[in-house]
1. Suppose we filter region A:161-218 for residues that are within 13 Å of chain B (Cβ to nearest Cβ), of a type in the set (D, E, K, R), under 23 Å from the mean Cα position of the chain (by Cα) and crowded, with 18+ Cβ neighbours inside 10 Å; how many remain?
2. From the list C:Ala167, C:Ala127, C:Ala135, pick out the single residue that is small (Gly, Ala, Ser) and surrounded by fewer than 18 Cβ atoms within 10 Å (Cβ to Cβ).
3. Taking into account only those residues within region C:159-184 that are more than 30 Å from the chain's Cα centre (by Cα) and in a loop (DSSP other than H, G, I, E, B), which is nearest to the other protein chains (Cβ to nearest Cβ)?
4. Within 26 Å of the chain's Cα centre (by Cα) and farther than 20 Å from A:Thr269 by Cα: is that true of A:Met62 in this structure?
5. For the condition in a strand (DSSP E or B), among the small types (Gly, Ala, Ser) and touching a Gly at 6+ places or on another chain (Cβ under 7 Å), what is the one hit in C:Ser26, C:Ser31?
6. Out of C:Met190, C:Met202, report the one residue that is buried (at least 19 other Cβ atoms within 10 Å of the Cβ), aliphatic (A, V, I, L, M) and either farther than 30 Å from B:Gln256 by Cβ or under 25 Å from the mean Cα position of the chain (by Cα) (or both).
7. Here's a check for you: in region D:282-298, which residue that is at pLDDT 85 or above and at the interface with chain A (Cβ under 8 Å from one of its Cβ atoms) is surrounded by the most Cβ atoms within 10 Å (Cβ to Cβ)?
8. Taking A:Leu274, is it in a helix (DSSP H, G or I) and touching a helix residue (DSSP H, G or I) at 6+ places or on another chain (Cβ under 9 Å)?
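The values are calculated or read from the model by the stated rules, or taken from the named source; none is laboratory data. Note that the structure is a prediction, hence the values are computed from the model and not measured. Note that we place each Cβ from the backbone using ideal geometry, even for glycine, and neighbour counts take in every protein chain shown.
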Amino acid sequence: MSTRRFVQTQGPIGEFSALPLLQRAEARDLLCAGYGLLIVALVLASYLMGALGWLPHDPREMNVGLINAAPLTPGHLLGTDFLGRDLQARLILGIQAYFLPGLLAIAIAVVGGSVLGVLAGYRGGWVAAIITYFDNLLDSFPRLVLILLVIAAFKADIYAIMIVVGITGMPETANLIAGKIAFLKQKNFIEAAHALGLPAHTVILKHILWLNCRAVLVIQATLGMAEAILVETSLSYLGFGVQEPTPSWGNMVQAGANYFLQGNFWPSTAPALLILATILGFQLLGDGLNNMLEGKRRRS
Amino acid sequence: MSKTILEVTGLRKDFRQFLGLLATLTGDTRVIPAVDGVSFYLRENETVGLVGESGCGKTTIGRTVLRLEDPTAGRIVFDGRDITRLSRAELRPLRREMQMIFQDLDAGLNPAMRVRDILREALTVYERPGDAEVSRRIRELLDQVNLKESKLANFPSELSGGEKRRVGIARVLAVRPRLIVADEPTSALDISIQAQVVNLLRDLQKHLGLTYLFISHDLPVVELVSEKVAVMYLGRIVEMGLAENIAHSPRHPYTQILWSSLADKQNIEISRRVRKVPVERERRAWGVFDFEQPRGGCRFAPRCPLYEQNGRPAVCTDPGSEPPLRDVGKGHVVACHFA
Amino acid sequence: MSAPLLSIENLRTYFYSRAKRAFIRSVDGASLSVARGETLGVVGESGSGKTVTALSAAGLVTGAPGVIGGSIALQSNGVARNLLEGLERYVRVEEKEGRVVAVEKDERGWRRRVETLMAGVRGKEIAMIFQNPRAALNPYSTVGTQLVETIRMHTGAKGEREAKERAIHWLERVRIDSPRLRFDNFPFGMSGGMCQRAMIAMALSAEPSLLIADEPTTGLDATIQSRIVELLAELKAETGTATLLISHDISVIQRLSDRVAVMYGGTVVETGLAAQVLAAEAPARHPYTSALLAAIPSAETVRNKRYLQAIEGEVLDTIEVPPGCRFHGRCNRVTDAVRERCAGVEPPLAEIAPGHQVRCWLYPAPSKAP
Amino acid sequence: MKLSAILPVARVLRRELAVTALLLLGVSMVVFAVLYLAPGDPLNVLLEGQSPRAQTAAREAMGVPHTWYARYGAWLSKVLQGNFGNSVRTGLPVLPELARVGVNTLVLTLGSLFLTLLIAVPIAVHAAVNGDTPGNTAATVAAYVLSAVPVFWFGYIVVYVFIHQFGMFPLLSGTAAKQPHAWLYFLVPIFVLGTASGTLSELIRHLREELSRVLSEDYIRTARAKGAPVWRHAFKEGFLIPVTEIMSAKIPFLLGGAVIVEQVFNWPGMGRMAWQAAQDRDFPVIMGVALVAAAFVRTGNLLQRVIFTMVNPRASKQ
């Protein structure tokens, strides 16, 4: 019996605009976005702690007597790794590996994507054709393979890798922006703005990008961060990017691999769960915001 | 005699349809003549109606005249100045005086802006008035289009059809235009709201001395608001003259068909019992065609009853002799060999 | 008067606006009926509930909560079936001061129930044509295949070849040029008028007893519109199919309807013979119907360039339904005698003459003969 | 398929082939550009210490053309003849090695794609048809969590289960084939990549959005009004096209995932080869893998375009 209940609010329905967003959104989306925001806050706080060095323990200090200590051992809330180093400190420090590079990737993907999207959507014609070609070209490469190619060629560090991630992220944002412009064009909105005499830059920057596309850009940024974390952790797992002893969640999972197979799961599982929780957080935030702000349809 | 505000001579507009993805590079395109040599003029404080079935190019004329589309050929003179080839920058000050009301009710309304911000932005496109002046002008605009003040806080999606159209009109009036091209302003609205908008447009014309190019397929409304009416068919004007003559003594067979289908709609008196008789043979002739591409000569020939009655005369379909618009008295022009 | 083919009693179909946490009362107690072979024209502006009424009758309402009350009786081969039978088992409605304030509905259960109720009815007894014909045809299969599908489902012509012949016969009847050629056309290759003819052929080929036409001419050009109306008149005369014709274009209603129902704000405000209700000068008529007719630019108004008689105010948005008469806010014939009742109590649909009902305090039901 | 439908499809097919060729040309340029700009290109490694003038002289002596496009031309013609150069590490010609190994990756990728579809399709269809029910909401949340799971960690869990269940580390460098549960080992990486490749939630959302959009189209309402089965009308646009679309869109992601899964299970595929090549900066190999992978992706896309054209009459008329 899937009975649904619909209730009319008491008193006059406001003649003014609809209920504020928060009351209007579905519980499901609020939950997703809420969890996502929590994760973003935690990551940001941990990043600052890591950057400023406020760590519960010195991540490099080895304690041979206390190898692979279980969580909640005195002094080490989350236990220690295979060299007796405090796991909690190393996990917090692990965020350094992807946070700034991730922001770089997002910046490239969102800014570059917007420029291409506006060019394709606004100008159309052969410009759109070239950009579509460029998009398809970038989409032809499996991202990780392209990164391996760049690593092989340039012995690339994590920032160079994130530039590649940013560039390969541009097409998706470009398509969304171009789609939004097509929708506005279909309603003659852009033509009406020109007819009134609004200069092109106002139409593009204010009306298209700021007023109508900011939600899409925020959503792309959050999903972009999730991608960046996935790429960084996968690469450091494969032994590229951040190397021992600098901690990254990826190489910590890898380091704990042998112990995992002998039954001591924790050293690998702790960073893995953090990867899971963080990527899930950014994705749910992205999807929650999308369902609330953009309605159901977003992806082309 | 009021001054001529807009004069259009020999206006042509072709659209290029790109065939296939690579067409943009290889350039293999199909040229579709939307407007094929149209000339007319508008006098100040006067309304010219432009009627015709969808796809006849009436909207394209409206947009090309305002240079929202670049004309392929012909001359557009606005207020004595030739604006056919002006650059965007030169055009901008002039654009203030010639505005457009779009068929789509949401055309000028950014879905993410409230009505107050939409009007404020329109007021500040060409001037920099202070806040007090802006709110005064907003109230004045609301009165002009009789819209309740409480609507200022709403988003476009929360307005009814009529309210959206009124906000659209207020937004256009904000820049104090002299010429307005109204493209199907009433077709998306209900009957009772249509009547309000038609009355509103006529009031505005009287108080503000506006000139309208009124584009619509709603014949009674066009006849009501226009002094002069031009009938379009497949990109050309086939008949133009005073509204009464076009409606009541049309010369071109196409105009007659347009207005007769209107008469069918209105003849409440003819009780339906009488019309049991099967449809007359003659009307059957032009029965069901849609726009067959004219092979040459008069473009209306494939659907023209006169062409059928007179035994399909060669002159109608001879490519050399497309009937020109000739004067048949009192400025009434028609493009037909037999009218 | 034989029992009507279709009789809708006090139909209530609601939707729910999440943005305003309020009900959209699209159809709020509408009652109308169509006799066998008769065409009932339902006229009303947008938001009057005319399309939702038609969709409810055909069991095609998809929004939530959807149909929550009323009954729809359909006569099929002598037996009256209620198409909403058992609705009360799936819906619970809470009312306060005569207004619905909460609804609980088992939507999936009711949707399955409708499928069983409408089996053999939808498509066979009741056929439907829609507003934008090109979108209403399946873009991925040819017009012919879609026509043959209907014929093989609902008529005796089961064989492939026999069904194809009958389909082509129908394409001829709806005056599509070169039907054998058009049989293999895809909808995107045909004009709006052509698609609508194909839709009409598809609907009528199932030989339904009731055809529901939802705004069949809206969106078509004037010249094509009048030909579609002529075609509908012709086919109605030949097949005698009862028709529920929905349109906001009064002239289309005038030319095709035997009886007329005028809807406003989700209810029927007037029903009666078309000649009676829509006549130029009618002795008794609902203020809304008169105002609607007056708003159309008549030849006389146009010639003298007079102002149109617009109805002030906006079309009622059925979220905030005022107490009393729904048209009260825009009515120009309110007299002091009835003003208080108009504002407070909703008038019933009273029979002021045989077959002529009006929902207005100016025309209360004649007191019962002593 | 009537003959009349074949002709236009052939025309559109020609156009799609041309686009694919153009894109593959673009791919080769990108790959060459990366290698050409790389400071570590093999010649540089050999001529490290020499002065620039000496280096150019040496290059001339070895007949290496100067201008980049000349070198690109030379390189491309060799590639087209199947000569991808030899692996710096093993000295073996790259292409035959890639061919042998590529099949494994193809099996892994397509197998996991098929498995992901097997999970995603029922959830998406159920959600689109019945709306949000507790059942499919829970399944969707599970899919989200599963998509966020790091695939390598999930691999470890599966491997650990295997050690306890079958006492055998799966696929010990390919010798496992003789063991009793050989075919089972074969499926394990496919299972891991299929569930935790991060594309599960994408698939569900795309299929669900497309199907519910189509189910609310006018022509489906007409189908219901006719009493016709909705599925017969909704299948093409609501199911066939979205599935092929998302499959071709997700192939690159799965190939990326394959690199990691092959690492975890040391599954002899292109991914591991690419990883090895990146470690040793073995240009010919990594270049070969990039080209072949891009070819996989483009082929998948071409197939999808063909299916789209065959199904959608409007596309074949353009």
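1. Counting residues in region A:161-218 that are within 13 Å of chain B (Cβ to nearest Cβ), of a type in the set (D, E, K, R), under 23 Å from the mean Cα position of the chain (by Cα) and crowded, with 18+ Cβ neighbours inside 10 Å gives 1.
2. On the way: C:Ala167 fails: surrounded by fewer than 18 Cβ atoms within 10 Å (Cβ to Cβ); C:Ala127 fails: surrounded by fewer than 18 Cβ atoms within 10 Å (Cβ to Cβ).
Checking each option against the conditions leaves just C:Ala135.
3. Selected residue: C:Asp184.
4. Numbers: within 26 Å of the chain's Cα centre (by Cα): no; farther than 20 Å from A:Thr269 by Cα: yes.
In short, no.
5. Working: C:Ser31 fails: touching a Gly at 6+ places or on another chain (Cβ under 7 Å).
Residue meeting the stated conditions: C:Ser26.
6. Details: C:Met190 fails: either farther than 30 Å from B:Gln256 by Cβ or under 25 Å from the mean Cα position of the chain (by Cα) (or both).
Going through C:Met190, C:Met202 in turn, the sole match is C:Met202.
7. Just the residues of region D:282-298 that are at pLDDT 85 or above, to begin with: D:285-298.
With the extra rule that they be at the interface with chain A (Cβ under 8 Å from one of its Cβ atoms), the set shrinks to D:286-287, D:289-290, D:293-294, D:297-298.
On the way: D:Ile286: 30, D:Met287: 24, D:Val289: 34, D:Ala290: 27, D:Ala293: 32, D:Ala294: 26, D:Val297: 24, D:Arg298: 22.
The extreme case among them is D:Val289.
8. Numbers: in a helix (DSSP H, G or I): yes; touching a helix residue (DSSP H, G or I) at 6+ places or on another chain (Cβ under 9 Å): yes.
Answer is yes for this residue.
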